[in-house]
Amino acid sequence: MAKTVAEIVVDTLEKAGAQRIYGIPGDTINHFTDAVSRSALRWVHVRHEEAGAFAAGGEAYLTGELAVCAGTCGPGSLHFVNGIYESHRNGAPVLLIASEVDRPEKGFNFPQDVDQKKIYEQHSVFCGHISHPAQARRIVTLAAQAALTKGGVAVVIVSGDMFQETDKDEADWRVHRPRPMARPNDEELGELAALVDEAKRVTIYAGIGAREARDQIVALCRKVKAPMVHTTRAKEWLEPGNPFNVGVNGILGNRAGVNALEKADLVISVGCDFAYTQFYPDRKIVQIDIDPTHLGRRAPIHLGLVGDARTTLEALLPKVAEKSDEKHLNRHLKEWEEDLKGYDTEGDEPDPGLIHPQFVANMLNDKAASDAIFISDVGTPMVWMLRHLQANGSRRFLNSLLHGTMANAMPQAIGAKLAYPDRQVIAMCGDGGLSMLMGDLLTLVQEEVPVKLLVFHNSSLGFVEMEQRVEGLVDHYTTLKNPEFSRVAEACGITGLSVDKADNLASAMDAWLSTPGPALLDVKVNRMELVMPPKVKVGQVASTAMFGVKAVLDGRVKEVVSLVRSNFLK
C-alpha cells in the first residue's frame with residue numbers, strides 16, 4: 001500500500017531514534033504535522049523557531065541521539081538559523097525539516113519563497129532536497145546518518161505539496177552508526193614516545209575530543225608525572241576525580257592551567273581544538289586529533305598525529321618510560337589548590353545588602369542535585385558556571401562556547417528536560433539572554449516542562465560592559481531596562497521568586513529548587529563585578545583605571561566608587 005511522503009518521513013525519523021520534533025505548524029508542513037500526530041513522535045510547540053532549534057540542539061547534545069525541528073516555508077524555516085548554527089558548531093545531531101513553497105510556484109518570487117539550500121548548506125553536514133516521492137526514505141535516512149555519525153546538523157528540504165505525494169516505499173533504507181578506531185602508525189608513536197622520554201616537564205592539554213579517554217589520560221599523567229589542563233567544553237568528562245587535573249586555559253581559565261602549559265617543555269594536545277592562539281605556549285607541541293585538518297590550525301606544532309584519543313593513548317602508554325621527577329606536577333597541583341580556594345573566597349558575601357554573582361553560583365553548586373544538568377547563557381553566567389560549579393561525573397554542562405550566541409540557556413534547557421524528565425535541569429540565564437527569547441516562557445507552561453531558571457539580573461550586558469571597561473572605554477549602550485522577571489514569570493503561569501539581599505538567597509533558592517513545576521528565581525546581582533582572566537596584565541589594570549578617569553570626567557563618579565568597592569574592597 002502506498003504511503004504519503006509525510007508518512008514516510010515521519011516513519012524514517014522514528015526508526016532513526018528521534019522522539020521529539022520542535023517547531024511551529026503552518027501551511028507547507030500541515031500534512032507533515034498531521035502525520036506526526038498519528039505517530040509516536042511528540043510535537044513540541046515553541047513560540048519562536050529559534051527557541052525550537054536551541055531546544056532540539058540541547059536534547060541532541062546531551063543525549064547524543066537525533067532530535068528534530070521543522071519549519072514552514074520562508075520566515076518559518078529562516079527563524080531556525082541561529083539555533084541550527086549553534087548545533088552545527090557544537091556537534092549536536094539535529095535534523096531540520098525545512099519546507100519550501102509548492103513546486104509550481106518555485107522561482108517566480110512567490111510570497112515566502114526562499115532557497116533553503118543556499119541558506120543551510122553552509123552550516124550543515126548534509127543538505128538535500130526530496131525532489132521525488134521515491135527519494136523520501138532514502139534522503140531522510142542519509143540525513144539522519146550524517147547527523148549521527150559526523151556530529152552536526154542535517155537539513156532535508158521539502159516543498160509543501162511534496163508531502164502529499166505517495167510512494168510504494170519498498171526499499172529498506174536504514175541508518176548505520178559505525179564506531180571505527182584509529183591511531184597513528186608505530187613509527188609515529190615511537191617518535192612521540194621519544195619526545196616524551198626526552199622532556200623534563202610534560203603537560204597534557206585535553207579537549208572534548210578526549211572525553212572517552214579519561215582513564216588513559218590519567219594513566220599517562222601518572223606515568224610521566226604530567227599535570228592535565230582541559231578545555232572548558234571537556235570539564236564534565238575530564239575534571240571529576242582526576243588527581244592530575246589543574247584546571248582550564250584561556251581567558252575563562254585559572255592560573256594553574258595557564259602556568260602548567262607555559263612552564264612545560266612538551267605539551268601533548270589531545271582532542272583539543274581550543275581556538276585562541278594567544279593562549280598556546282611557545283613550546284614544543286604534539287597534537288593528536290581524529291581530523292587531520294585540525295592539525296596545526298590553532299598554533300604551530302612540532303608533530304601532528306591522527307587518531308582517536310583513547311586508542312592512541314592506549315598504544316602510546318607501553319612505549320613511554322616512567323618518570324620520577326614530580327616537581328612540575330606538584331607545583332601546578334599546588335597552584336590549582338590555591339585557585340580553588342580563591343573561587344571559594346570570591347563567593348564570600350560580607351555585605352548582606354549586596355549580592356555578588358560568585359556567591360550565587362557557589363550556593364547553587366551546594367544546593368543543586370548531584371546529577372543536575374546546568375545550561376548557561378553566554379557571557380558572565382557562563383563564567384560563573386565554569387569557575388564555580390563542580391563536575392562530579394554525574395552532572396552535565398552545556399553552554400555556547402563555540403558559537404557564542406545570546407539566549408541559548410532557557411530553550412536548550414527545554415530540550416534537556418524533555419530528554420531527562422527525572423533530572424534537575426537548571427538554566428543559568430543572563431537578563432539580556434532571557435529577555436531575547438522571553439516569549440518561550442510560555443512553552444514551559446504549555447508543554448509542561450519543569451525547568452528551573454536562575455536569572456543573574458544585573459540590568460546590563462555584563463560581559464560586553466566588562467570588555468569595554470577593561471579596554472579603558474566608558475561603557476555605552478549596555479544598560480538594560482528590565483521588568484521584574486519574577487512577575488513576568490507569574491503572569492505566564494510560572495512560579496516566580498525575587499531576591500535582592502544576600503541574607504534572603506538561601507531560603508529563596510531552596511523554595512525555587514523544590515517547586516514541582518517550572519520556576520524562575522530572579523537575583524539582583526552586583527553590576528560592577530569584573531570578570532578577569534587568570535593572569536591580569538598591567539595594561540588591563542591601567543585600562544580599568546582609565547575607565548575610572550573617563551567615567552569621572554563623564555559625571556559617573558558613583559560607578560567608579562562602586563567598581564572599586566565591588567572588586568577590590570570586598
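Scalar couplings 3J(HN,Hα) for segment 59-66, obtained by applying the Karplus form with A = 6.51, B = -1.76, C = 1.60 to θ = phi - 60°, are 4, 5, 4, 7, 9, x, 10, 5 Hz; x denotes Gly and Pro. In the context of the full set of protein chains, residues of the chain present 41 Å² of accessible surface per residue (probe radius 1.4 Å, heavy atoms only).
Partner aspartates and glutamates whose Cα lies under 18 Å from the Cα of Lys225, excluding those fewer than 8 positions away in the same chain, are identified as Asp197, Glu198, Asp215, Glu239, Glu262, Asp265, Glu314, Glu322, Asp325, Glu326, Glu335, Glu337. Summarising the amide proton neighbourhood of Val425: residues at separation of 5 or more, or on other chains, whose placed amide H is nearer than 5 Å comprise Ile373, Lys452.
About its Cα centre, the dipole of the chain is roughly 1160 debye, where the only charges are +1 on Lys and Arg Cβ and -1 on Asp and Glu Cβ.
Shape verdict for the chain, please, from the Cα gyration tensor: rounded (a/c under 1.5), prolate (a/b greater than b/c) or oblate. Since a/c reaches 1.5 but b/c is at least a/b, the shape of the chain is classed as oblate. Remark: the Arg179-Thr277 segment gains 32.1 nm on full extension, using 0.36 nm per residue and subtracting the alpha carbon distance. A crude spin-label estimate for the pair Gln164 and Lys334, with each label 7 Å from Cα along the Cβ direction, gives 7.8 nm.
The mean sequence separation of alpha-carbon pairs under 8 Å and at least six residues apart, normalised by the residue count of the chain, gives a relative contact order of 12 percent.
In straight-distance terms, cross-link reach from Lys168 covers every one of the aspartates and glutamates whose alpha-carbon lies under 20 Å from its own, apart from those fewer than eight places away in the same chain; here that gives Glu7, Asp11, Glu14, Asp34. With each label modelled as a point 7 angstrom along the Cα→C-beta vector, the Lys150-Val464 pair spans 3.4 nm. Scalar couplings 3J(HN,Hα) for segment 440-453, obtained by applying the Karplus form with A = 6.51, B = -1.76, C = 1.60 to θ = phi - 60°, are 7, 4, 5, 5, 4, 7, 5, 8, 6, 10, x, 6, 9, 9 Hz; x denotes Gly and Pro.
Packing-based ranking of 62-71, 111-120 yields 62-71, 111-120, ordered from highest to lowest mean Cβ neighbour count within 10 Å.
So for the pair Asp265, Leu480, with labels modelled 7 Å out along Cα→Cβ, what separation do we get in nm? Calculated label separation equals 5.0 nm.
Magnitude of the charge dipole for segment 122-188, about its Cα centre and with charges confined to Cβ atoms of Lys, Arg (+1) and Asp, Glu (-1), is about 180 debye. A protection proxy built from the mean count of other Cβ atoms within 10 Å ranks the segments 487-497, 292-302, most packed first, as 487-497, 292-302.
Here is the list for segment 424-511: chymotrypsin sites (Phe, Trp or Tyr not before Pro) lying in DSSP coil, each with at most 13 other C-beta atoms within 10 angstrom of its C-beta, are Tyr477.
Cross-link partners for Lys15 among the lysines, with Cα-Cα distance under 17 Å and sequence neighbours closer than 8 places in the same chain left out: Lys3.
With a ≥ b ≥ c taken as the square roots of the eigenvalues of the C-alpha gyration tensor of segment 101-152, please select rounded if a/c is under 1.5 and otherwise prolate if a/b is larger than b/c or oblate if it is not? Please list the in-between numbers first.
On the way: a/c = 4.29, a/b = 1.60, b/c = 2.68.
The shape class here is oblate.
Please list, by residue number, every one of the chymotrypsin sites (Phe, Trp or Tyr not before Pro) in segment 35-112 that is coil in DSSP and has at most 14 other beta-carbon atoms within 10 Å. Present the calculation step by step, with values, prior to reporting the outcome.
Details: sites: Trp43, Phe54, Tyr61, Phe80, Tyr85, Phe108; in loops: Phe80, Phe108.
Within segment 35-112, the qualifying chymotrypsin sites (Phe, Trp or Tyr not before Pro) (loop, at most 14 other Cβ atoms within 10 Å) are Phe108.
For Cys127, the residues 5 or more places off, or on other chains, whose built amide H falls under 5 Å of its own are Val155. When you count the other C-beta atoms within 10 angstrom of each residue and take the mean per peptide, 135-142, 438-445, 376-383 line up highest first as 376-383, 135-142, 438-445.
Take the alpha carbon gyration tensor of segment 385-490, find the square roots of its eigenvalues, order them as a ≥ b ≥ c, and report rounded if a/c is under 1.5; if not, report prolate when a/b exceeds b/c, else oblate. Mind dumping the intermediate values first?
Working: a/c = 2.46, a/b = 1.41, b/c = 1.74.
Oblate shape, in that a/c is at least 1.5 and b/c is the bigger or equal ratio.
For chymotrypsin sites (Phe, Trp or Tyr not before Pro), the sites in segment 240-326 that DSSP calls loop and that have at most 16 other Cβ atoms within 10 Å are Tyr276. Computed extension gain for Val445 through Glu212, at 0.36 nm per residue and net of the alpha carbon distance, reaches 80.2 nm.
The HN-Hα couplings worked out from phi for segment 429-438 by the Karplus form 6.51 cos²θ - 1.76 cosθ + 1.60 (θ = phi - 60°) are 9, x, 5, x, x, 5, 5, 5, 10, 5 Hz, whole numbers, x standing for Gly and Pro. Close amide-amide hydrogen proximity is noted between Glu100 and Val158, Ser159, Gly160, each under 5 Å apart and 5 or more residues distant or on a separate chain (H modeled in the peptide plane; Pro and chain starts excluded). Note on segment 91-157 and segment 213-239: Cα centroid distance 39 Å, given to the nearest whole angstrom. Of the cross-linked pairs Lys150/Lys319; Lys341/Lys367; Lys223/Lys284; Lys284/Lys341; Lys263/Lys334; Lys118/Lys150, those separated by over 26 Å at the C-alpha level are Lys150/Lys319; Lys284/Lys341.
The values are calculated or read from the model by the stated rules, or taken from the named source; none is laboratory data. On a predicted model such as this, the values are computed, not experimentally measured, just so you know. Positions of Cβ are backbone-derived with ideal geometry, glycine not excepted, and every protein chain shown enters the neighbour counts. Keep in mind that these areas ignore ligands, DNA and RNA; they rest on the heavy atoms of the full protein, side chains included. Shrake-Rupley method; radii C 1.70, N 1.55, O 1.52, S 1.80 Å.
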